[in-house]
Amino acid sequence: MSTPRLDRRLLSAITIGTVAVALGVAATVGETRLTSHSHAAGTPTPAPTVPDLPVPTPALTTTPPSPFLDRQVVVTGPDGVLRIGGHVIVNKTYALPEAFGPGGLAPEVDQAFAAMQADAASTGVVDLRIISGYRSFARQSQNYAQRVASVGQEVADRGMARPGHSEHQTGLAIDVNQLSTSFGQTEAGRWIAANAHRFGFIVRYPDGKEAATGFKYEPWHLRYLGVEFATELTASGLTIEEYYGLTSAY
Ligand SMILES: [Zn+2]
């Protein structure tokens, strides 16, 4: 059956304007196309059946949209925690619920730090130690209140997270050696910056990235992400916020 003839029949159906005829033509058009396609392929086959398709899940988004979302899964779980690609996200925009509290460092963080500490020690000159690990919501509330009383809220917010906004509440962040910006220029600080990713850690608040992360430079604050993502992020030079296209602001 030729295409011109199809067009004429379709035109005829439209001209006649009856529903019954129009449906009949539509069915004929469908069958004809299938037959024609089979001939063109040289392998006549029965009309394919259409399988039941899964119901698509609703699109998940962040604000603002990220160019990386097409290869990441964004989930706010029943625990109220935002995870992107399986990674817990905590910053000034994204908070943890008050009830969220693993009670200590995650086992993989303890293991990764022990491996990193041993590797650093093997150089004979770098001594690493954890000076702060897990902190509960309540503990962070106390620390933050003391900090605000001491230096005022504006200064406090640049260097200390409000309760619910601290990565230390996840059990996936550690502070090492000394809480001083000058730590970044020590041998241990330089070793951390160059090697932490090999053990799954990143320097979470790099120098010059306050506009992205919301926090000033903290060469001592390490976030565990696993070796693969930590290595990718470190190589990219991007912060978590820049990588995912997230804000970090109260
Ligand atoms: Zn910290």
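Reported count of residues in segment 143-179, each being more than 13 Å from S132 (Cα to Cα), surrounded by fewer than 22 Cβ atoms within 10 Å (Cβ to Cβ) and touching a residue at least 12 places away in the same chain (Cβ under 8 Å), is 10.
Here the helices (runs of 4 or more DSSP H) wholly within segment 149-250 that include at least 1 residues being in contact with a Lys or Arg (Cβ under 9 Å, 6 or more places away or on another chain) and within 14 Å of the ligand (Cβ to nearest atom) are 153-159, 210-213.
The numbers here are math on the coordinates, done by the rules we state, and not lab data. Being a predicted model, the structure only gives us computed values, none of them experimental. Please note: Cβ atoms are built from the backbone with ideal geometry, for glycine as well, and neighbour counts cover all protein chains shown.
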